[in-house]
Amino acid sequence: MAEAMSYVRLAEAVSQVVVGSGLTVLRVSYDPEGDVLYVHFTEQPVTADDSEFVGEDTGVRYQGGEVVGVTILNASRLKKGKE
């Protein structure tokens, strides 16, 4: 039950960000070996034609001027309680 509740809290946190943002999160994936989190805002995989870093470890991917995804390097640092 405790593990299920952690997933519920995660889903609730994501919903607070997504609802009303105008973006639809369609896919999220995490590479534990590289510690990289990928958030995709497209239904089908797309190749970005531009990108920019908006923070030390956070990049935004674009295609045709539209945001298609966000990449977070060193994603485990964002885990609550870690610095």
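What pairs come up if the first residue lies in the range 59-83 and is at pLDDT 90 or above and surrounded by 11 or more Cβ atoms within 10 Å (Cβ to Cβ), the second is among the basic types (Lys, Arg) and in a helix (DSSP H, G or I), and their beta carbons are under 8 Å apart, counting only those six or more places apart or on different chains?
Final answer for the pair search is none.
In contact with a Gly (Cβ under 6 Å, 6 or more places away or on another chain) and not β-branched (Val, Ile, Thr) - does that describe any residue in the range 65-73?
Within the range 65-73 (the criterion being in contact with a Gly (Cβ under 6 Å, 6 or more places away or on another chain) and not β-branched (Val, Ile, Thr)), the answer is no, since none of the residues qualifies.
Working only within the range 28-45, note down all residues that are among the β-branched types (Val, Ile, Thr) and surrounded by 15 or more Cβ atoms within 10 Å (Cβ to Cβ).
36, 39, 42
Just to be sure, is residue 48 touching a residue at least 40 places away in the same chain (Cβ under 8 Å) and surrounded by 15 or more Cβ atoms within 10 Å (Cβ to Cβ)?
no
Yes/no per residue for (1) in a helix (DSSP H, G or I); (2) not small (Gly, Ala, Ser):
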position	(1), (2)
13	yes, no
22	no, no
30	no, yes
33	no, yes
45	no, yes
56	no, yes
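Within the range 26-45, can you find the residues that are among the β-branched types (Val, Ile, Thr) and either closer than 16 Å to residue 78 by Cβ or at pLDDT 90 or above (or both)?
Within the range 26-45, 28, 36, 39 qualify.
The values are calculated or read from the model by the stated rules, or taken from the named source; none is laboratory data. On a predicted model such as this, the values are computed, not experimentally measured, just so you know. Ideal geometry is used to build each Cβ from the backbone, glycine not excepted, and the neighbour counts take in all protein chains shown.
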